[in-house]
Each structure stands twice: as structure tokens, then as C-alpha cells.
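All remarks here apply to the structure that follows.
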Amino acid sequence: MAPKFGTSGLRGLVSELTDDLCARYTQAFLRAVGSCGSLCLGRDLRPSSPRIAAAVARAARAVGVEVIDMGEVPTPALAMAALARAAPAVMVTGSHIPADRNGLKFYSPGGEITKEDEAEITRLAATTGADASKAAAIRTDRRAAADYLARYVDFFGPTALASLRIGVYQHSTVARDLLCDLVSALGGHALALGRSDRFIPVDTEAVDDGTRGLLRDWTAAHGLDAIISADGDADRPLLADRAGEVIAGDVLGHLTACALGADTVVTPVSSNTLIERSGVFARVLRTRIGSPHVIAGLQSVMSGPARAVGFEANGGFLLGFAAERQGRRLAPLLTRDACLPLVAPIVAAREAGQDLAALVAALPARVTAADRLEGVPTERSQALVRVLAESATERAGFFAGYGPEAGIDTTDGLRVTFASGLILHLRPSGNAPELRVYAEADSAPAAQAALRDGLARARART
């Protein structure tokens, strides 16, 4: 597929992310949002990321923009550093998708770019070629990760994880060493697990059975209180309890919002409905999937006194107000973050004298499951969703056996709620040839069974 903007920046096959294409998009981005004279640049651990980052750097320098090379760094750490400088940033990452793909995530001097910015960048990249007329400086600055680590150590304190044994599934996430340092700095004992020299595409929203098995084996073998991890660029968390059971990202978001004292939640339509059923929050605003949509929703409620947060089903968490804890203050950070929803639930459970499983068990009994059909052309996924959304007869045939509909939601894809309480959601991916399928039910077995069935029915139609 040709590189294009999806829910998390520009994405495409590595073979199609040529140096010239990366240069054109970089220079188009700088023209669209303004450079302020410098560009912060980071990358993940994919084999193709150094080459792409070098192309981005050359393109920026060629139009007189100084490049601050922050190296291999988590996306939220890069974003935080760029915001502090009021400078734009580019993160070279394909997030959780396989290593044959990569991408560019853009930040304006004020934060993540908007959908309007994406349209303007695409227009400019298509209408002008790359410029190579100047040669600005490039310098190295490796402080972003340390500043990002200090953000959470300062807020939670050096004994927040005291006496806890926390496994860190390192695989190929760019935060693999930072997560170990974070556990240790908060007083816990960190055990590094599963470090890999090859890139592993960990999808925190659809954790595969092999990974789930590893987590269960590790907790049992090492007597761990929890295992933490993140996706490739560390803006999506993965957290497992002491039995090695994965806690869904939207559940982590709910627990984190509660721990921070939020009263308003902005979250995509795909997130678990326990958020509303819990009755904890004064307002829940549902959006399309993707952090730009969540950020837009957050910004719409931040002008008042709301203590607003945003999160996605993948667990990425956005803090929209200054949180306070034991006299310490945590500044807002309007970009998807993995560390906060990893630490806050563990600390909340510890302070309540519970384990994570007990904290989750106290929530309304709603369970989500998600997976994807890979290799499905976007046009075919879109065609299926469109015909089902437009025709009650087609839906009745496709969802035969599930009983009457209680409602449909076409905010992003097609989300059908049945009178039984079961929810099935079909959505074409925004950054890969995939069809996403989500299921929600009152129990894990029911959600998994509905997910398998939904995938099978979608496969038969695509």
C-alpha cells in the first residue's frame, strides 16, 4: 500500500518509504506547521528507522532547520521534550505494526497534529518536491528519556512500588531499559524478560495467545506481582497481573482516571462500556478511534474546570489537567502515553492493600476482545462495513443468530449493540491492510467466542 496517514501518523511499507518521499513529507510538515528554527527527531528500534531518521534530518537541514537528534526514545518522551521547546518533532516509528512497515509521526510546536494538518501536509507533499538548498546544523541531545522518567518518579515518589517484584517484558520496545529504570526508581525490583534483537510487533490492543502464555509462565516462574511492557514506540501500555492475565487497555485507562481523580473521560467508541456503567465520571465523551480525535475531544472540554483525561482501547493515556498526589503535581501531557497507565493502577492496588486482579474484579463485569484480519485490502473492508451499515437486511444476515439489535453506531466503522448486551464492532484499519474486529460481553469466554465468530464471518465476506 502507498504510505498514507492513519490513526497514528504516516504509515507504509518500508520499501515505499523512500528517502525522497520522507524528505517531501518532512518539508511539507515544516511548511504546514512552522519550524521555529529547529526540529526534534526520535526513532524506535526497527531496522529501517535509522535510515528513515537520517532522511528526515537531511530534509529538515536542507531548508535551514536545525535538527536536535534525540536518538532512540519513547514517543511520549520526544513529544514532552518538543513541547518544552515549543518546537516541532518527528518520531520515526511504525508503532505496533510489523517491521516491514514504518512511519512518521508528526508534532507541531503545540502538540500532536490535527486531521486538518494531515490534509495540508499531504497536499504540500504532493505538489512540491524536496528542497536541498541549505545545510543547517544537527546536534545530539539525549536528555528526553531522563526528563520523561523524572516526570513519574517525582510524581509517585521513590517508594511507590516498594516491595513489589515487577517483570519488564522488554522485547523490542524502545522503552525497554527505561521501564526497568522506572520500576527501580520507584522502589520496586525490576526483572528484565524476553529482550529481543529482532523487532517484535506487540499489539497491546490484540495481545496474541503466544504472548499471553509467556506472561503467565513468567509470573508463575518468578513470583511476580505484575509484568509491564509497551508497544514499539512506547505510547501504548501492556500490563499483566500476578497471574499473568493481561488487563485491557481501556480498563487500565479507567483505573488510571480513577486514581488521578478525573471527572471527565474522552475515549473512542471502541472502549469498554464499563466506563459509563461504573457511574464514576460526570461525563464520558465518545470519539472516533485515534489520538487526534481524542485530543480534539479533550480540548473541547478543557476550557472549563473539568479534570479531563483521554484514553484509547489500546491503553494510550492522555492527561488533560494538572493532577495532584500527596502534594506532588503532574503536568498535563496531551499525547498518548504508556508509563502513566502502567504505574498508576499498580500503585493504586498497592495502596488499597489489593492486587491488580482484585482492583479489576470490583469493576462492572464487561469484557472486551479485539483482533484483526490481516492482508485485507482497505477497499474491501470499507465496502463490507458500508453495506452492513446501510442495510438492515444485510446486517440481519451477517449477524444471524445474535438476536435483535438494540442500536448501531457508525462513529468509526460499524458498532452493533444487541438486545442481549453483546457488542460487535467492525472497522477498517487506518494504517494497514487490516479489518479490525472488536467484541464486548459480560464475560471473557463470551467476548472471545463472539470475537472468533465475528472474525470468521468477516473473513467469509472479504
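The values are calculated or read from the model by the stated rules, or taken from the named source; none is laboratory data. No experiment lies behind these values; they were computed from the predicted model shown. Using ideal geometry, Cβ is built from the backbone for each residue, glycine included, and neighbour counts are taken over all protein chains shown.
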Practice problem: Return only the number of the condition from (1) touching a Phe, Trp or Tyr at 6+ places or on another chain (Cβ under 7 Å); (2) in the same structural domain as ARG212 (by TED's automatic domain parsing); (3) surrounded by fewer than 23 Cβ atoms within 10 Å (Cβ to Cβ); (4) of a type in the set (Gly, Ala, Ser) that ALA162 does not satisfy. | Solution: (1)
Exercise. Only residues that are part of a strand (DSSP E or B) and either surrounded by fewer than 18 Cβ atoms within 10 Å (Cβ to Cβ) or touching a residue at least 40 places away in the same chain (Cβ under 8 Å) (or both): list them for segment 409-436, please.
Key: ASP409, ARG415, THR417, PHE418, ILE423, HIS425, LEU426, ARG427, PRO428, GLU434, LEU435, ARG436
Self-check item: Residue that is in the same structural domain as GLY297 (by TED's automatic domain parsing), crowded, with 24+ Cβ neighbours inside 10 Å, closer than 30 Å to ARG427 by Cα and modelled with pLDDT of 95 or more, where the choices are VAL309, VAL343
Solution: VAL309
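Out of segment 258-285, which residues are surrounded by fewer than 23 Cβ atoms within 10 Å (Cβ to Cβ), within 21 Å of ASP235 (Cα to Cα) and touching an Asp or Glu at 6+ places or on another chain (Cβ under 8 Å)?
Result: VAL269, single match.
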Self-check item: Residue tally, condition closer than 18 Å to ALA82 by Cβ and in contact (Cβ under 8 Å) with a residue 24 or more places away in the chain, over segment 140-160
Solution: 10
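Residue-wise test of (1) assigned to a loop (DSSP other than H, G, I, E, B); (2) touching a helix residue (DSSP H, G or I) at 6+ places or on another chain (Cβ under 6 Å).
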{"site": "ALA306", "(1), (2)": "yes, no"}
{"site": "ASN314", "(1), (2)": "yes, yes"}
{"site": "PHE321", "(1), (2)": "yes, no"}
{"site": "ARG329", "(1), (2)": "no, no"}
{"site": "ARG350", "(1), (2)": "no, no"}
{"site": "GLN354", "(1), (2)": "yes, no"}
{"site": "LEU359", "(1), (2)": "no, yes"}
{"site": "PRO364", "(1), (2)": "yes, yes"}
Quiz item: If the Cβ limit is 7 Å and pairs must be 6+ apart or interchain, which residue in segment 98-122 that is over 24 Å from ASP231 (Cβ atoms) pairs with which residue that is surrounded by fewer than 17 Cβ atoms within 10 Å (Cβ to Cβ)?
Solution: PRO109/GLY34; PRO109/CYS36; PRO109/ALA86
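Looking at ALA87, is it crowded, with 19+ Cβ neighbours inside 10 Å and touching a Lys or Arg at 6+ places or on another chain (Cβ under 8 Å)?
No: the conditions fail for ALA87.
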Quiz prompt | Residues (within 23 Å of the chain's Cα centre (by Cα) and more than 22 Å from THR335 (Cβ to Cβ)) located in segment 25-52 | solution = PRO47, SER48, PRO50
Practice problem: Could you look through segment 334-347, keep only residues that are in a strand (DSSP E or B) and touching a Phe, Trp or Tyr at 6+ places or on another chain (Cβ under 9 Å), and pick out the one that is farthest from ALA248 (Cα to Cα)? | Solution: THR335
Quiz item: Looking at segment 2-24, which of its residues are under 15 Å from the mean Cα position of the chain (by Cα) and surrounded by fewer than 23 Cβ atoms within 10 Å (Cβ to Cβ)?
Solution: GLY6, THR7
Quiz item: Among the numbered criteria (1) within 25 Å of the chain's Cα centre (by Cα); (2) surrounded by 14 or more Cβ atoms within 10 Å (Cβ to Cβ); (3) of a type outside the set (Val, Ile, Thr), which single criterion is violated by TYR402?
Solution: (1)
Quiz item: How many of the residues in segment 91-112 are touching a Lys or Arg at 6+ places or on another chain (Cβ under 7 Å) and under 28 Å from SER133 (Cα atoms)?
Solution: 5
Self-check item: The listed residue being within 17 Å of ARG288 (Cβ to Cβ) and assigned to a strand (DSSP E or B), out of ALA389, ALA439, ALA370, ALA406
Solution: ALA370
Exercise. Sort out which residues of segment 242-274 are of a type in the set (Val, Ile, Thr) and within 17 Å of VAL207 (Cα to Cα), and write them in order of number.
Key: VAL246, ILE247, VAL251
